[in-house]
Amino acid sequence: MDKIDNIMVTENLINKMDGGKTVAIRSASGLIKFPWVQNADEFVNATLAEIEKYNQSLKNVDQNLVSAISGNSVQKAQPEKSAAQKIKDLKELLDSGLITQDEFDAKKKDLLDKM
C-alpha cells in the first residue's frame, strides 16, 4: 500500500447538478480520481479511518516483532502472589462459603509447608 500524500474533494458544474463530487487521492503511484462520489465527505472520512487503522496495525506488528526478537513479552507476567496473600484469598473463599474449613486448612498447610 502506497503512502497517501493527499486526498482532495472537488466539485464542478456537472457535480453540482447531480449532487456528486470528485475525490482525488495522490500517492507515490500517482493520482487516482473517483468521479461522482455521492457522499464524498463520508468517503474521505472512511478512507482516513482505514488508513489510521492500517498504520496502527503496523505499529502493533512492529512492537510485537521487537518484543519477540528481544525475548520480552508484550504483556508482562504478573508476579506470583506471596503465601500470605494466597492465604488471605483462601480466607475470603472460606468466608464466602465457596470452600469448606477443611479445604481451607489443607491449602493453608500446603502453603506454609512450602515456605
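Of all the residues in region 3-50, those that are in a helix (DSSP H, G or I) and touching a strand residue (DSSP E or B) at 6+ places or on another chain (Cβ under 8 Å) number 8.
Looking at LYS21, LYS53, just one residue is basic (Lys, Arg), modelled with pLDDT of 80 or more and touching a helix residue (DSSP H, G or I) at 6+ places or on another chain (Cβ under 8 Å), and that residue is LYS21.
GLY30 falls short on exactly one of the conditions (1) modelled with pLDDT under 90; (2) of a type in the set (Gly, Ala, Ser); (3) at negative phi, and that condition is (3). Within region 89-109, residues that are on the phi < 0 side of the Ramachandran plot sit with their Cβ atoms under 7 Å from residues that are exposed (fewer than 10 other Cβ atoms within 10 Å of the Cβ), at 6+ positions apart or across chains, in these pairs: LEU94/GLN101.
The values are calculated or read from the model by the stated rules, or taken from the named source; none is laboratory data. What you are looking at is a predicted structure, and each value in this text was computed from that prediction instead of being measured. Positions of Cβ are backbone-derived with ideal geometry, glycine not excepted, and every protein chain shown enters the neighbour counts.
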